[in-house]
Amino acid sequence: AKSKGINVKKIDNIFVVLIAIIVMISIRWIGILLINSLLILPAAASRNVANNMRKYHLFAVLFSLFSGLTGLIISYYFNVGAGPMIVIISGIIYFVTLLIKRKMEKKRVLTGDRPTGRLHIGHYFGSLKTRVEMQESGKYDPYILIADVQALTDNFNNPDKVRKNVREVMMDYLSVGLDPQKTTIYIQSMIPEVAELTVFYSNLVTISRLQRNPTVKTEIAQKKEIFGESVTYGFLGYPVSQAADITAFEGALVPVGEDQLPLIEQCKEIVRKFNSIYGETLIEPEAVLSNSKRIKGLDGNEKMGKSLGNAIYLSDSPEIITQKVMSAVTDPNRIRKDDKGNPDICMVAYYHNLFSTQEEYKTVCEECRAGERGCVACKKQLANNIIEFLKPIREKRKYYEERPELVDKLLMEGTEKARKTAAQTMKKIKKAMKLDYFE
Ligand code: TRP
Ligand code: SF4
């Protein structure tokens, strides 16, 4: 981040090497220390390395010392002139630098949720699990936004609900293992740049294009009770605001479910239009269709959803979990225990497949088909397995529930960090749009 004054990106790498070699040959040993640090700059300049800047400087210093010493030793023992030796060693160092750069260049990943309710096991298998895995892989620079502004687009008459759920969602994140040290978690409304960008982008998208967006279209049809015959400007335009969410953070990867694809497509269109009018500034994001699965509701509905009342929440108590599992839809043809059942149409069997061992699942299916299994016992076994599965999450959540100030602090820190990132992008955008007055 410290190198932002110099536009190092534009310096041609080869040119740097040549200059470095010439300077090194002429000033020799003192030069090599200096120049090797400089060589590392173009590599360090890439935007995604910002997070690792401290590590990077350490590398630069160590490499310089190492190359200086090796050069000295080799030329001393083999009686070669220092000049060619330095050139060779610098060359090697330079390539090592490039290799390290490639390793450190972490792609920024952006995801988010609308804070309209606590998160459930559908969210867990659908996205949270992947987010934690990506975080732990260390290969990405993940950002997660709690999309309160977007939540208001169809909950504008219910601000209490949105506000309350910002913290609930944060606690869900923390309890599944998202770590604010590794993943930047922030509140959307506290990043004014996102709102600003939304205004800028609104010139780059037509009303009819928004009306044709399949996701928006479906949602408007579903939300007749909120919007009646005519949808609000804000709701129709939320894809524009989502494009701002992504681009303000130069999000490169956006892992989403299928239903979100049209939103990413719309974002790409906005990016292309922006770049063609104002010059190459924005990064076109890439949607990553997660291989994680959408899980069905307890009632057999294709989707588990808070509004459908068929969800098991990460924060549900063991009693509630048992109660919910007991009400799950089973094979309707089974009335007595020795009726032969069909686990393929039973939600209990479906969840056994997710929460029980493969062995257990196999036994469930076999016994059910043979009419050797009672549904009540089958459900109790499942409930216990779900309770066990969610135990660490529930315990971690309890820890945070008892420490609301800590949750707030973590939210605040993440938001502050996100603001800095967004401000940097905004600077570039305003410059491209010639809105950089008094700079
Ligand atoms: N639309 C997403 C949802 O309903 C939430 C969201 C808002 C989002 N902004 C985003 C997702 C940016 C990915 C990237 O779940
Ligand atoms: Fe479903 Fe289990 Fe009953 Fe079979 S025995 S119908 S799998 S609950």
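For Asn157 and Ser230, calculate 0.36 nm times their separation in residues minus their Cα-Cα distance, and state this gained length in nm to one decimal.
Full extension of this stretch gives 24.7 nm more.
Set the Förster radius R0 to 45 Å, insert the Cβ-Cβ distance between Asp408 and Asp339 as r into 1/(1 + (r/R0)^6), and round the FRET efficiency to 0.05.
Once the sixth-power term is evaluated, E becomes 0.25.
Would you work out which of Ile386, Ala432, Pro404 lies farthest towards the positive end of the dipole of region 331-439? Charges go on Cβ: Lys and Arg +1, Asp and Glu -1.
Farthest towards the positive pole: Ala432.
With viscosity set to 1.306 mPa s and temperature to 10 °C, compute the Stokes-Einstein D of region 265-367, Rh being the Kirkwood radius across alpha carbon pairs; µm²/s, no decimals.
92 µm²/s
Using 7 Å Cα-to-Cβ label points, what is the Lys391/Asn353 separation (nm, one decimal)?
2.6 nm
For Phe438 paired with Ser208, estimate the spin-label separation in nm (one decimal), with each label point 7 Å from Cα along the Cα-to-Cβ line.
Output for this residue pair reads 4.2 nm.
Pairs to check: Lys106/Lys427; Lys217/Lys420; Lys182/Lys217; Lys106/Lys161; Lys129/Lys430. Give those whose C-alpha atoms are more than 25 Å from each other in this structure.
Violating the 25 Å limit, Cα to Cα: Lys217/Lys420; Lys182/Lys217; Lys106/Lys161; Lys129/Lys430.
List the GluC sites (Glu not before Pro) within region 207-276 that DSSP assigns to loop and that have no more than 13 neighbouring Cβ atoms inside 10 Å.
When the GluC sites (Glu not before Pro) of region 207-276 are filtered for loop state and at most 13 Cβ neighbours within 10 Å, Glu229 remain.
At 0.36 nm per residue, and after removing the present C-alpha to C-alpha distance, how many nm does the segment from Asn301 to Glu284 gain when stretched out fully?
Difference between extended and current length: 2.6 nm.
Could you provide, to the nearest whole Å², the per residue accessible area of region 250-343 with probe 1.4 Å?
Heavy-atom accessible area per residue stands at 52 Å².
What's the center-to-center distance, using Cα atoms, between region 212-289 and region 129-205 in Å?
Using only Cα atoms to place each centre, the spacing works out to 15 Å.
The values are calculated or read from the model by the stated rules, or taken from the named source; none is laboratory data. Quick caveat: nothing in here was measured; it's all calculated off a predicted structure. Positions of Cβ are generated from backbone atoms using ideal geometry, with glycine treated the same way; all protein chains shown enter the neighbour counts. The area values use the complete protein model at the heavy-atom level, side chains included, leaving out ligands, DNA and RNA. Shrake-Rupley method; radii C 1.70, N 1.55, O 1.52, S 1.80 Å.
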